[in-house]
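What follows is a set of notes on a single structure, which appears directly below.
The values are calculated or read from the model by the stated rules, or taken from the named source; none is laboratory data. On a predicted model such as this, the values are computed, not experimentally measured, just so you know. No Cβ is skipped: glycine too gets one built from the backbone with ideal geometry, and neighbour counts run over all protein chains shown. These area figures cover heavy atoms from the full protein model, side chains too; ligands, DNA and RNA do not enter into them. Shrake-Rupley method; radii C 1.70, N 1.55, O 1.52, S 1.80 Å.
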Amino acid sequence: MNVTVNGKPMELEPGTTVEGLLTLLGVPRQYLAVAVNRDITPKSEYAALKLAEGDRVEIVRPMGGGA
Amino acid sequence: MYDSNLVIGGKEFSSRLIVGTGKYSSTEVMKQAHEESGAQMVTVALRRVSLPTGESILDFIDTSRYTLLPNTAGCYTADEAIRTAYLAREAGLGDLVKLEVIGDSRTLFPDVQGLLEATKTLAKDGFVVMPYTNDDPVMAKRLEDAGAAVVMPLGAPIGSGLGIRNPYNIKIILETVSVPVIVDAGVGTASDAAIAMELGCDGVLMNTAIAAARDPAAMARAMKLAVEAGRLAFKSGRMPKKLYATASSPLEGVPDWTT
């Protein structure tokens, strides 16, 4: 299935969860936040939430910035 | 010794300088600047993880020493800013938010209508909202009424280094609201920070003035001293200004040299 991760197209196995995606990408978990289709995904739901065709996933973390 | 602490969201800060984490030539330079600034709160942005992931900014910020202040920089609507604040909270960055709703990309002036809306929503949901606003006393009052924990008027446009362009409005804001007033944006050099504090502001937030200095660590120290000096001068009560001279040596007992 095709999803968009941080604005880039990505092909995933059907049934891939948020947890699965993060593991696949090897993203460090500290201070991480995820939103799927504009809704923020609580950490407690990473393992259960299955991504679907066309989903837009945002994975963010703190970066340097002032204003 | 001379002063009380700055209290934001129930947390006490002896430093009244808040600094940023952007635009530094290296994370090592940033770390040194933070150290010299004496700041206890640093602001961070929230951005997409770039893949593959490299080092994190938080590898260079000791979170046991510095309170993190996530910002909503780059948000142009209340909705975007609100979602960013929730993302920050979900990321484990806490309830503080430097709320920015930008209205124009050239000046980065705030969209105060969106700002007010986002302040209301986030304050209701338990965030400690620190809105970046313009130097308008009426809007400052509205933000306070909407639940803002502090108000943060700009001294001048973000990253401009033009200083405190309208000290009179800042003074009126200080008389209008009872929450702390922190000048956010516009400071270019130490005297600008001192002016903000001499006016009676509770703190100053800056990024570029330090990060874009030739020697950021030295400028950070200058800013720390300026904020402290300005605060102390404000608390001391300055002498009244007068148009003509008043001698400060006794007029009596001057020797007579006339022949």
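Structure notes:
- Amide H within-cut-off set for B:Leu96, under 5 Å, with H built and near neighbours excluded: B:Val128
- Cross-link reach is defined here as a Cα-Cα straight distance under 13 Å, omitting same-chain residues fewer than 8 places apart; for A:Lys50 the aspartates and glutamates meeting it are A:Glu13, A:Glu19.
- Within the assembled protein chains, the solvent-accessible surface assigned to B:Leu108 is about 50 Å², based on a 1.4 Å probe.
- Computing FRET efficiency as 1/(1 + (r/R0)^6) for B:Asn134 and A:Glu45, where r is the C-beta to C-beta distance and R0 is 30 Å, gives about 0.15.
- In straight-distance terms, cross-link reach from B:Lys120 covers every one of the aspartates and glutamates whose alpha-carbon lies under 17 Å from its own, apart from those fewer than eight places away in the same chain; here that gives B:Asp79, B:Glu80, B:Asp95, B:Glu100, B:Asp111, B:Glu144, B:Asp145.
- In degrees, nearest ten, helix B:78-90 long axis to first principal axis of chain B (Cα): 80
- Efficiency of FRET from Cβ geometry, B:Thr63 and B:Lys23, R₀ 22 Å, rounded to 0.05: 0.60
- Residue by residue along A:28-36, Cβ atoms of other protein chains within 10 Å of the local Cβ number 6 on average.
- The calculated FRET efficiency for B:Lys124 paired with B:Ser4, based on their beta-carbon distance and R0 = 30 Å, is about 0.55.
- Taking Lys and Arg as +1 and Asp and Glu as -1, the other residues whose beta-carbon sits under 14 Å from that of B:Met197 total 0.
- Spin-label model, B:Ser105/A:Arg56: points 7 Å from Cα along the beta carbon direction are separated by 1.7 nm.
- Two-site label geometry, B:Ile172 and A:Asn37: point separation in nm, points 7 Å out along Cα→Cβ: 4.9
- Counts of other chain beta carbons within 10 angstrom of each beta carbon in peptide B:84-90 average 5.
- Buried surface for the A/B pair, taken as the accessible area of each chain alone minus that of the pair with a 1.4 Å probe, is close to 2600 Å² in total.
- Axis angle, to the nearest 10 degrees, between helix B:27-37 and the longest C-alpha principal axis of chain B: 40 degrees.
- Reducing the stretch B:63-109 and the stretch B:26-41 to their Cα centroids gives an inter-centroid distance of 21 Å.
- The HN-Hα couplings worked out from phi for the stretch B:118-129 by the Karplus form 6.51 cos²θ - 1.76 cosθ + 1.60 (θ = phi - 60°) are 5, 4, 4, 4, 6, 5, 4, 8, x, 6, 8, 8 Hz, whole numbers, x standing for Gly and Pro.
- At q = 0.15, 0.16, 0.18 Å⁻¹, base-10 log of I(q)/I(0) for chain A (Debye sum, equal scatterers on each alpha carbon): -0.44, -0.50, -0.63
- Applying the criteria of a DSSP loop state and at most 13 other Cβ atoms within 10 Å to the trypsin sites (Lys or Arg not before Pro) of the stretch B:192-259 yields B:Arg214, B:Arg238, B:Lys241, B:Lys242.
- Segment B:Lys241-B:Thr258, extension gain: residue separation times 0.36 nm, minus the distance between their alpha carbons: 2.7 nm
- Trypsin sites (Lys or Arg not before Pro) within chain A, DSSP loop, no more than 15 other Cβ atoms inside 10 Å: A:Arg29, A:Arg38
- When you work out D = kT/(6 pi eta Rh) for the protein assembly as shown at 20 °C and 1.002 mPa s, using the Kirkwood radius from C-alpha pairs as Rh and the Stokes-Einstein form, the result is 101 µm²/s.
- Descending principal axes extents, the stretch B:1-97, alpha-carbon based, whole Å: 47, 32, 22
- DSSP bridge pairs, the protein assembly as shown: antiparallel proportion in percent, nearest 5: 50
- Angle between chain B longest axis and helix B:216-236 axis [Cα atoms, degrees, rounded to 10]: 60
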